[in-house]
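The values are calculated or read from the model by the stated rules, or taken from the named source; none is laboratory data. Please read all numbers here as calculations on a predicted model, not as lab measurements. Ideal geometry is used to build each Cβ from the backbone, glycine not excepted, and the neighbour counts take in all protein chains shown. Ligands, DNA and RNA are stripped out before the accessible areas are found, and what is left, the full protein with its side chains, is counted by its heavy atoms. Shrake-Rupley method; radii C 1.70, N 1.55, O 1.52, S 1.80 Å.
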Amino acid sequence: MSKQATWFTPEGIEDLLPDAARKLEHYRRQLLDLFELSGYELVVPPIAEFTDSLLTGKGEHLAVDTCRFTDQESGKMMGVRADMTPQVARIATNRLKDESVLRLCYVGEVLKTRNNKAKGSRSPIEVGAELFGHDGVDSDIEVIDLMLNALASMTDQSVTLSLGHVSVVDTLMREAQLSTEQKNEMVDILLRKALPEYDAFVEGLALSRAMKTAFVELPSLMGSALDVLDKGKAMSQHCPALTSHFERLSAVVAYFEQVPNVTLHMDLSDLRGYQYHTGLIFTAYLAEQKLIPIARGGRYDDIGSVFGACKPATGFSLDLRSALDWLPTPAALTREVVYAPIEPDAGLAEAVSALRAKGMVVKRFNTVDALPDDAQKLVCEAGEWRRKK
């Protein structure tokens with residue numbers, strides 16, 4: 001056995017061979033074009049930077065997933081990004097320093113220390129868009145709409161849009177005056193969806209009758225978006241501080257219930273990204289991949305405060321590498337191929353350039369024997385280069 005036969009990449013880190021790479025590049029360009037036409041400007045953060053900035057503020061939750069090493073130039077600790085959103089937030093709040101609304105997009109490979117097969121590759125190719133500087137519901141709607149348009153540009157499958165709002169749980173815990181230990185316990189239980197534990201936890205709390213009713217109803221706030229909203233508005237009678245959250249959710253639902261091929265779902269006990277998100281969160285699922293989140297995002301206000309410019313923000317991202325499993329192969333990737341000899345001939349060079357300008361693939365060859373059967377090739381007849389089989 002040759003040594004080469006034992007050359008494997010680490011688990012969860014894969015090569016992309018030509019067919020997959022072409023497919024990925026097609027969709028990468030398509031998404032970036034959509035973002036640009038929607039007013040989102042491209043930024044390209046570095047693959048690695050000092051952990052002082054990479055794991056600061058909202059990026060702290062990425063510490064366990066970040067590959068780190070010592071910079072030989074400065075002696076400081078550096079990290080390879082495990083998520084691009086904190087980097088884009090740093091650019092928006094520290095480099096651009098724009099007081100107005102900023103719309104930025106990005107694409108790039110990230111690296112994670114751990115392999116989680118349920119979440120895809122350890123080296124996702126992350127593509128996304130972020131909106132900074134606006135805290136109203138309109139920016140939530142804009143970003144979700146862009147996410148749905150991005151999916152619609154890649155597939156005609158119907159989408160389930162699942163909505164949540166981490167501030168619902170936050171507000172309940174604050175109004176009930178839970179201790180830090182109680183808050184941590186409640187969040188842990190909800191993240192694990194351990195309903196018997198949750199019932200026992202609520203039973204042990206010293207709550208007013210109204211607040212206890214609100215806590216008991218929380219896990220039931222899951223299902224059809226309109227049904228959940230009705231329950232949520234009733235729940236607000238027990239805890240009026242929740243009213244503004246349900247008003248925001250109502251505005252989002254009213255907008256997207258009119259969008260074709262989109263089914264609205266809601267789960268208000270969903271605390272995905274609780275340590276990171278600060279408000280409305282959302283996840284998109286495709287009809288043929290019901291259990292796999294395809295794209296996700298949410299609000300993460302106060303981003304950039306550690307960099308000196310506190311901004312409200314919302315955005316979304318998707319893993320383009322994992323998306324290759326369900327994305328169709330575009331017909332545009334099948335190009336006509338013509339073979340051309342390698343000769344010092346100005347007419348040949350002109351013919352090759354003309355064919356490539358038409359979108360044809362021109363491959364060079366040394367001997368006719370090496371060509372595939374029925375290959376088209378450029379041949380010189382009467383001083384002119386023509387295509388022939």
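Rg then Dmax, both in Å and based on the Cα atoms of the range 260-389: 26.8, 77. Report the FRET efficiency, 1/(1 + (r/R0)^6), for L205 and D325, where r is their Cβ-Cβ distance and R0 is 51 Å, rounded to 0.05. In this case the efficiency is close to 0.70. Cross-link pairs exceeding 28 Å in C-alpha to C-alpha distance, out of K23/K290; K23/K97; K193/K311; K112/K193, comprise K23/K97; K193/K311.
Taking only alpha carbon atoms, the chain gives an Rg to Rh ratio of 1.09, where Rh is the Kirkwood radius. How would the range 1-155 be classified by its alpha-carbon gyration tensor: rounded, prolate or oblate, with rounded meaning a/c under 1.5 and the a/b versus b/c comparison settling the rest? It comes out oblate by the Cα gyration axes.
What shape does the range 214-329 have by the C-alpha gyration tensor, where a ≥ b ≥ c are the square roots of the eigenvalues, rounded means a/c under 1.5, and otherwise prolate means a/b greater than b/c and oblate the rest? List each step's numbers first, then the result.
Numbers: a/c = 2.05, a/b = 1.19, b/c = 1.73.
Taking the square roots of the gyration eigenvalues as a ≥ b ≥ c, the range 214-329 is oblate.
Here S74 sits with roughly 60 square angstrom of accessible surface, probe radius 1.4 Å. Can you give the FRET efficiency for S353 and S224, using 1/(1 + (r/R0)^6), R0 = 56 Å, r = Cβ-Cβ distance, to the nearest 0.05? Using R0 = 56 Å, I get an efficiency of 0.45. At an R0 of 51 angstrom, the distance between the Cβ atoms of S38 and R386 translates into a FRET efficiency of 0.70.
Using only side-chain charges placed at the Cβ, +1 for Lys and Arg and -1 for Asp and Glu, the dipole size of the chain relative to its Cα centre rounds to 660 debye.
Largest mean-square fluctuation among E336, E109, E36, in a Gaussian network model of the chain whose springs join Cα atoms under 10 Å apart, belongs to E336. What are the membrane-span-like helices in the chain by this rule: whole DSSP H runs, Cα extent along the axis at least 27 Å, mean Kyte-Doolittle hydropathy at least -1.0? Those that clear 27 Å and a mean of -1.0 are 18-37. With the biggest extent put first, the Cα atoms of the range 202-246 measure 31, 19, 12 Å across the principal axes. Gain on full extension, evaluated as 0.36 nm per residue between S158 and L17 minus their Cα-Cα distance, stands at 47.8 nm.
Entry note, the chain: relative contact order of 18 percent, from Cα contacts under 8 Å with a spacing of 6+ residues. Across the range 235-389, C-alpha contacts under 8 Å between residues 6 or more apart give a mean separation that, scaled by the residue count, equals a relative contact order of 12 percent.
Given springs between every Cα pair under 10 Å in a Gaussian network model of the chain, which of G128, G273, G347 has the largest fluctuation? In this elastic network of the chain, the residue with the biggest mean-square fluctuation among G128, G273, G347 is G347.
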